[in-house]
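In what follows, a single structure is set out as structure tokens and then discussed.
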């Protein structure tokens with residue numbers, strides 16, 4: 001590979017960069033005009049000191065946004081582990097400075113090199129293994145990476161025998177250099193950011209525009225197939241991009257740490273990435289100069305909002321609005337290539353029913369009925385074996401199981417990634433909690449109202465999904481979860497709105513739900529009801545239309561399927577289930593408080609469902625029960641276990657742990673068919689993992705894809721049911 005070989009590819013890029021430079025200049029002029037307007041219209045104005053501090057801190061956010069863009073351009077994936085990549089290096093560097101007495105400059109250097117090493121290691125050991133997977137699977141893999149790296153972040157302080165993470169700011173050698181800029185004080189740490197960020201930007205520009213490797217990275221990002229024909233080593237370049245991104249993430253962490261302390265992603269939650277996501281989305285995940293200006297602008301926006309608002313985390317609301325507006329306005333500009341493979345799950349995530357030839361055999365019927373009865377008896381007997389504390393814990397697991405079923409409907413069958421499901425649980429909890437605490441409403445009416453609330457909120461969240469799909473919908477739902485937790489459900493913002501104390505009611509005047517045994521049985525009954533409803537929907541025409549729309553929306557629309565309503569119906573049903581789960585959850589907790597519905601819980605229930613098999617109800621419940629049980633054993637290592645478990649499952653069993661159960665079941669069915677002398681074509685090949693225990697189409701045993709069956713039925717004027 002030579003620079004001459006790729007120069008023709010890069011020349012148009014230089015012209016494009018000049019054009020973008022003009023746009024950036026126009027944006028700066030517009031920003032100045034907006035500043036003057038805000039200074040005069042806002043209650044407390046926009047003082048120069050606030051604007052300067054916002055721009056300085058925002059420039060650090062822009063570095064993180066640039067790393068997200070570089071990874072997106074190289075792998076077409078939104079990296080949800082990006083904050084944790086830099087967090088591992090940052091936590092190590094800060095503890096070297098505070099606990100081991102290292103020089104601050106040496107600590108920063110160690111952070112950058114460690115971040116680069118972590119970035120390269122992640123790409124080689126993990127990301128490269130998913131090169132043949134869809135971008136959806138790769139996106140989920142980054143969530144597993146975030147948990148794995150987050151667990152490592154929490155373990156680092158133990159090696160220094162420190163008291164834990166430094167959750168507040170700390171003093172550095174340059175902090176004493178201060179400049180007063182009304183109404184704030186600019187410290188040496190701010191000045192360090194002003195000095196470092198431009199150097200990093202110039203270094204990136206030089207690398208991408210002046211070096212052979214940098215030009216190759218740009219060419220490969222524009223057209224990877226043509227770059228391969230030119231002899232560009234794509235794999236090595238991708239590793240180089242991850243190394244650079246890891247160093248940027250670590251540098252961002254250490255530059256912020258004197259102000260924010262050591263705030264790992266697992267502690268601060270997804271809110272750490274929210275401003276960077278917003279800046280990257282504004283830049284359409286393409287332009288580094290635009291991302292820099294957007295990051296500075298969002299930093300100013302955050303500081304101005306905090307200066308003019310007495311509501312905690314009001315800036316999160318602004319970030320959510322920015323992400324939604326930017327994605328909706330830019331949605332039509334995305335190419336079809338960007339969307340390929342991003343919105344559908346591997347076929348192994350779905351499994352067929354028991355073949356029709358064997359379904360009515362006496363031994364099969366007896367086994368199915370017997371297994372169902374045994375599972376129900378075991379679940380119902382839990383309160384007779386364990387004490388009240390364990391009963392309360394398992395009641396919470398049952399609620400998580402309901403949330404997992406809602407994710408099966410929305411993600412497994414609908415193809416929509418939701419990382420904000422516990423936010424919908426929170427809305428249902430607040431609704432039911434207020435009705436029970438203030439109006440002493442009947443429990444079932446309160447739960448029904450919670451379900452309606454969850455459904456309405458899910459519909460509102462689902463409206464952008466009509467234009468936003470794949471990984472970007474995950475960003476939107478995550479931003480929604482962060483906003484709801486930090487702002488809407490914050491008792492400091494709305495003390496009269498959050499039911500913080502709630503007495504459990506007495507059901508039908510006989511069953512006191514303060515008795516944990518009764519509360520457990522109630523939660524179990526609602527979980528069983530949720531499973532029955534979900535399976536019924538899956539076996540209906542609506543369920544088959546949902547799968548057809550997920551697999552091939554354009555084809556379904558051409559055949560007359562109402563894709564808009566079909567997709568929104570998945571959000572509606574999922575939201576109703578999550579809302580009812582929230583009503584039960586707030587009753588179990590005796591009220592909602594700060595941190596009751598953290599965004600990290602949405603990520604955890606999503607990953608646990610994927611581990612079990614989010615394509616089926618049985619798989620999702622298997623994931624919840626299995627991971628929750630392992631977490632009790634793993635204790636402080638639970639994040640490591642969850643992250644490693646998710647990555648292993650995605651690599652070995654893309655359909656989840658339910659694949660193992662299905663393979664064992666198919667082995668038994670083959671023996672029965674052989675003993676009975678029955679020919680079952682669908683069991684001949686080992687590839688029949690594509691099973692769905694809930695599938696109920698009359699032709700479910702037909703080897704053709706269900707979308708093809710639906711297309712044929714609609715084309716022939718038949719009812720697909």
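A short reminder: the numbers here are calculations on the coordinates, not readings from a lab. Keep in mind the model is a prediction, meaning the values are calculated, not measured. Here Cβ is always computed from backbone atoms with ideal geometry, including for glycine, and neighbour counts include all displayed protein chains.
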When ranked by the protection proxy of mean other Cβ atoms within 10 Å per residue, highest first, what sequence do the peptides 476-486, 363-373, 188-198, 49-59 form? 476-486, 49-59, 188-198, 363-373
For 66, 402, 555, what's the fewest-to-most ordering of other Cβ within 10 Å of each Cβ? 555, 402, 66
Neighbour-count ranking [beta-carbon atoms within 10 angstrom, fewest first] of 215, 202, 64: 202, 215, 64
Alpha-carbon centroid distance for the pair the range 402-451 / the range 108-131, whole angstrom: 39 Å
For the peptides 557-564, 133-140, what is the packing order when you average, over each peptide's residues, the other Cβ atoms within 10 Å and list the highest mean first? 133-140, 557-564
In whole angstrom, the spacing between the Cα centers of the range 563-590 and the range 484-558 equals 4 Å
Fewest-first ordering of 630, 641, 322 by Cβ atoms within 10 Å yields 630, 641, 322
Honestly the range 538-679 on the Cα gyration tensor test (a ≥ b ≥ c root eigenvalues; a/c under 1.5 rounded, otherwise a/b vs b/c for prolate or oblate) is just oblate
Rounded to the nearest Å, what's the spacing between the alpha carbon centres of the range 35-86 and the range 650-664? Just the number, please. 41 Å
Order the peptides 83-92, 674-683 from the highest to the lowest mean number of other Cβ atoms within 10 Å of their residues. 83-92, 674-683
